[in-house]
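To start, the structure itself, in C-alpha cells.
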Amino acid sequence: MARLIEQLQRLPGVGPKTAQRLALHILKRPEADVQALAQALLEAKQQVGSCSVCFHLSAEPVCEICRDSNREQHTICVVSDSRDVIALERTREYRGKYHVLGGLISPMDGIGPDQLYITQLVRRVSKQDIKEVILAINPSVEGETTTLYIGQLLKPFTRVTRIAFGLPMGGDLEYADEVTLARALEGRREID
Ligand SMILES: [Zn+2]
C-alpha cells in the first residue's frame, strides 16, 4: 500500500491525499480492472514513441498529423512539448503541421540547442517548401532564448512568426484556455 501511494505521488498534480484516495480506490476495484490498468500503463509506455518527422508522441513511426494530407503542408508550428500540440489541437484553429523541440534552451540546466530537435527542424524547413514557421513557445526566459535562437536560424529560409501571448511572462501555453490560444495564434507577428 505504501509503495503504491509513493508511486502515485510521483505523478504530476498528485499530492499525498490524492495518492491515498487513488490507492484505496484501486484496491477496491476487481482484480481484472487493476490488471487492465497496469496493462494499459505498460503498453502505452512500450508502444508510444515519437514521430520521426515532427517528434510528437506517436505509436506509429510517422504520427497522424504528419500523415494527414488534408492538413496544410506549408506551415510548421514549433512547440517545446507534445502537451502544447494537444493544447493547440483543442483550439481547432490551426491546420498546419508541428515540430516538437523536446524542451527549451536552458544554460542553467545544461540544455543547449544540441539536446533539442533543432537541427531536424532546420533540415525540414530548408528542404521543404515551407511558407511560414510559427513559434508557439511559452513566454519565459528559456522560451525567449529559444524563440530568438530558432528565429535567427530559420529566417534565411522562410517567414518566421511568433504567437502573440495575451499571457503574462512565465504564462504557460499548456494551461491557456482555447480562446486565449486561438487569439494568440491569430495575432501572431513577424519575428524581429
Ligand atoms: Zn509527426
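Exposure proxy for H56, H25, H74: other Cβ atoms within 10 Å of each Cβ, ordered fewest to most, give H25, H74, H56.
For the chain, DSSP calls about 30 percent of its internal beta bridges antiparallel.
Order of F55, F157 from fewest to most other C-beta atoms within 10 Å? Working shown, then result.
Details: F55 23, F157 15.
Ranking F55, F157 by Cβ neighbours within 10 Å, fewest first, gives F157, F55.
Can you give me the Rg/Rh ratio for the stretch 2-47, using Cα atoms for both radii and the Kirkwood formula for Rh? If you can, show how the numbers build up before the last one.
Values: Rg = 11.2 Å, Rh = 11.3 Å.
Taking Rh as the inverse mean 1/r over Cα pairs, Rg/Rh reads 1.00.
Here the residues L154, L4, L24, ranked from fewest to most Cβ neighbours within 10 Å of their Cβ, fall in the order L24, L4, L154.
How much length, in nm to one decimal, is gained on full extension between R95 and R159, taken as 0.36 nm per residue of separation minus their Cα-Cα distance? Before the final figure, lay out each step's value.
Working: separation 64, 0.36 × 64 = 23.04 nm, distance 1.73 nm.
Between R95 and R159, full extension yields 21.3 nm more.
Taking N as the number of residues in the stretch 54-190, what is its Cα Rg relative to 2.2 N^0.38 Å? That ratio works out to 0.97.
Read the figures in this text as sums done on the coordinates, not as results from a lab. It should be emphasised that the depicted structure is a prediction, and the values quoted were computed from it without experimental measurement. Cβ atoms come from the backbone with ideal geometry, glycine included; neighbour counts cover every protein chain shown.
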